[in-house]
Amino acid sequence: MFSSIKDFKNPFFIGIAGVGMSAIAQYLKGIGKNVAGSDRFFASGVYNEVQEKLEAEGILCFLQNGEGITGETDLIVVSTAIEDTVAEVQKAKQLNIPIIRRSELLAMIAASKKTIAVGGTSGKSTTSAMLFDILEYAGLQPSIISGAGLISIINQGKIGNAKVGAGEWLVIEADESDGSIVQYKPEIGLLLNIDKDHQEIDELMRIFAIFRQNSKKFIVNQSHPLTRELSQDAEFDFSSNPDLPAGYIATNFQHYGLKISFQIKGVDFFMEVIGRHNMENALAATAVACQVGVSVDKCAEALRNYEGIYRRHQVYGKKKGVWLIDDYAHNPVKCAAAIEACQPVATKVIAWFQPHGYKPTKFLRDDFVKEIARVLRPEDEIWMSEIFYAGGTAVKDISSNDLINDLKALGKQAFFVENRNDFLPTVRPHLSDDCVILLMAARDPSLEHFAKQTWQDL
């Protein structure tokens, strides 16, 4: 089996259109590999934007029928969603081509660079993007492999979730959901937070403890009680609470409209984003950037021009007094933070949420209800459509309506609209001339179209 990215030349990705797979594919192409791949969403004569952008990078794309796997293919890359029964996997086995998981390949890539691995249950993509922008602005020419598209890269006509820079630093997201975070041995490990998501808290603490052990330098959020337990040296850590020991503390937070301001070490930061959580993300990025030689002043200058990332509080605009904001929020803490971030924008927030997966929704039911109920103001509303079914074997023993009924029982304005296409017509009588519609959902590839259609029809 391969131990280094130098050991292969012609990798083939099964499921290349996925955000994690396409990012690595683009990175490998950028360093000179002959990259190809297939995806179940590719079809003859049917336009696919991801396919178009991959092919524009020189990556060969095929239908998921095995035709792209040849005798020259020397590595097969699969995600956790690809099962051994897939015909292409079977063909690879027949040809004796090595097969590895996406996370294993990312670990190999990380070992080839000075890597900053961003971990935590919330905020990884945003913090990675902010850190990348800071390092880029500082002239360090970093690389990035991200779980979301950076608007600054998307505006160049690319997918936006990867870039190969000439510098020595690589920024990656370290995913705890499948435990793959333990494979990375970064120069700097960053831990943002620990909240119940894909795993129970005890398991998350075990995983993040290994992440700490594997990191040469480890930086944590002192404001979070669980991450604080894993601190290596408070001098490197960050906090939004001035009473806690941390080398980097954010103060004087202000939220006005679609902008925020705050201070770090007496330096003023101004950003065109919303939410206190984005101050914390910027603070984390700054704490790390300072460890690689970037000044706080330079961090503030860089983030003043931060353009955001795809589907992370993406503001579509305002029509007839109604703001439309689209967000990737999908766990309880993220949903609550997304709602809170919208509250200073307008007097009423109407949040729509599509949970992902029956098993995760059942696992997090009580937490969703608790966190959403905690932040909803009397005038705010929560709407849910039915759980997104990604395929495979699933026991459909819970409905979004169960969560809605739980929220109603707590006295909240909660509504169930089974089909999301019925959401806008149904919610219209609830709209006011000073409100926000917040769309929250993840991993459903049709969500971008849904958001655009909602904006068009608003």
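All of the numbers you see were taken from the coordinates with simple rules; none came from a lab. Source: prediction; values computed, not measured. A quick note on method: Cβ atoms are made from the backbone with ideal geometry, for glycine too, and the neighbour counts reach across all protein chains shown.
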| With labels modelled as points extended 7 Å from the Cα through the Cβ direction, what inter-label distance (nm, one decimal) is found for PHE270 paired with GLU67? | 5.6
| task | With only Lys, Arg, Asp and Glu charged, each at its Cβ (+1 for the first two, -1 for the last two), find how big the charge dipole of the range 314-457 is about the Cα centre; round to the nearest 20 debye. | result | 60
| said: Could you give the length gained by full extension between SER295 and LYS396, i.e. 0.36 nm per residue of separation minus their alpha carbon distance, to one decimal place? | reply: 31.2 nm
| task | Would you kindly state how much longer the chain becomes between ILE201 and ASN421 on full extension, computed as 0.36 nm times their sequence separation minus their alpha carbon distance, in nm to one decimal? | result | 75.6 nm
| Additional length obtainable on full extension of the chain from SER261 to LYS370, 0.36 nm per residue less Cα span | 36.3 nm
| note | Heads up, the range 113-304 by the C-alpha gyration tensor (a ≥ b ≥ c square roots of eigenvalues; a/c under 1.5 rounded, else a/b over b/c prolate, else oblate) looks rounded
| What number, rounded to the nearest 500 deg cm²/dmol, is the helix-based mean residue ellipticity at 222 nm of the chain, given -39500 (n - 2.57) per DSSP H run of at least four residues and division by all its residues? | -10000 deg cm²/dmol
| remark: Bridge orientation stat for the chain from DSSP, antiparallel percent rounded to 5, came to 25
| Cross-link pairs LYS9/LYS93; LYS298/LYS334; LYS320/LYS348; LYS196/LYS370 - those with Cα-Cα distance over 20 Å | LYS298/LYS334
| note | Classified through the alpha carbon gyration tensor (a ≥ b ≥ c as square roots of its eigenvalues; rounded if a/c is under 1.5, else prolate when a/b is larger than b/c, else oblate), the range 5-100 comes out oblate
| field | Listed residues ALA81, SER112, LEU63: farthest to the positive end of the dipole of the range 58-118 (Cβ charges) | value | SER112
| field | Cut-off 14 Å (backbone N to label point 7 Å along Cα→Cβ of TRP455), residues of the range 145-173 | value | 151, 155
| message | Could you check the spin-label model distance between GLU379 and GLU229? Points 7 Å from the Cα along Cα→Cβ, value in nm. | response | 4.0
| note | Taking a straight Cα-to-Cα line shorter than 12 Å from LYS113, and setting aside same-chain aspartates and glutamates fewer than 8 residues away, one finds GLU168, GLU187
| remark: Per principal axis, largest first, the Cα atoms of the chain extend in Å by 63, 49, 41
| message | More than 24 angstrom separation, counting every C-alpha pair in the range 314-457; what % is that? | response | 23
| message | Taking the beta-carbon count within 10 Å as an exposure proxy, list ARG365, ARG420 from fewest neighbours to most. | response | ARG365, ARG420
| query | Per-residue HN-Hα couplings for the range 203-210, Karplus 6.51 cos²θ - 1.76 cosθ + 1.60 at θ = phi - 60°, whole Hz, x for Gly and Pro? | reply | 5, 4, 4, 5, 5, 5, 5, 5
